[in-house]
Amino acid sequence: MDAYTLSTDIYCEMCATDIALINIDTHLKGPFTDGGGEADIPQHCTTCDLFLENPLTDIGHNYVQLACDWNTSTKHTVALKIWSDFYNIKPQNRRNNDV
């Protein structure tokens, strides 16, 4: 999925198009393939929160694995499900006393 940047924010193609139409003086950079490229965290559009399906570094894979393993609330369940499916990461059901 293509991604666009403006300053430190990242956008999906639809939101980037909307931003460019609203403010023609905006200088978006992109498109960048693979959701903006490899990163330490899963990238989401700043405006609409769409998951951009970017590849992860080793640090990023560890981040998603730990987030899935230690999730104890339903607040981020949807994002974790999307991430674990996309990156093929299976929760290991760790307990608080596991290290």
Given (1) at pLDDT 95 or above; (2) under 14 Å from the mean Cα position of the chain (by Cα); (3) within 22 Å of Pro91 (Cα to Cα), number of the condition Leu50 does not satisfy: (3)
Residue match in the stretch 64-79 (condition: modelled with pLDDT of 95 or more, outside any loop (DSSP other than H, G, I, E, B) and surrounded by 13 or more Cβ atoms within 10 Å (Cβ to Cβ)): no
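Take Phe51 and decide whether it is within 16 Å of Leu80 (Cα to Cα) and not assigned by TED's automatic domain parsing to the domain that holds Ser84. Talk me through it step by step, then tell me what you get.
Working: within 16 Å of Leu80 (Cα to Cα): yes; not assigned by TED's automatic domain parsing to the domain that holds Ser84: yes.
Against the criterion (within 16 Å of Leu80 (Cα to Cα) and not assigned by TED's automatic domain parsing to the domain that holds Ser84), Phe51 qualifies.
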Qualifying residues in the stretch 6-17 (those that are touching a residue at least 12 places away in the same chain (Cβ under 8 Å) and surrounded by fewer than 16 Cβ atoms within 10 Å (Cβ to Cβ)) - the one farthest from Cys48 (Cα to Cα): Asp9
Looking only at the stretch 8-21, and only at residues there that are touching a strand residue (DSSP E or B) at 6+ places or on another chain (Cβ under 8 Å) and outside any helix (DSSP H, G or I), the one that is nearest to His61 (Cα to Cα): Ile10
Which numbered condition Ile24 misses (of (1) under 12 Å from the mean Cα position of the chain (by Cα); (2) assigned to a loop (DSSP other than H, G, I, E, B)): (1)
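The values are calculated or read from the model by the stated rules, or taken from the named source; none is laboratory data. Computed from a predicted structure; not experimentally measured. Using ideal geometry, Cβ is built from the backbone for each residue, glycine included, and neighbour counts are taken over all protein chains shown.
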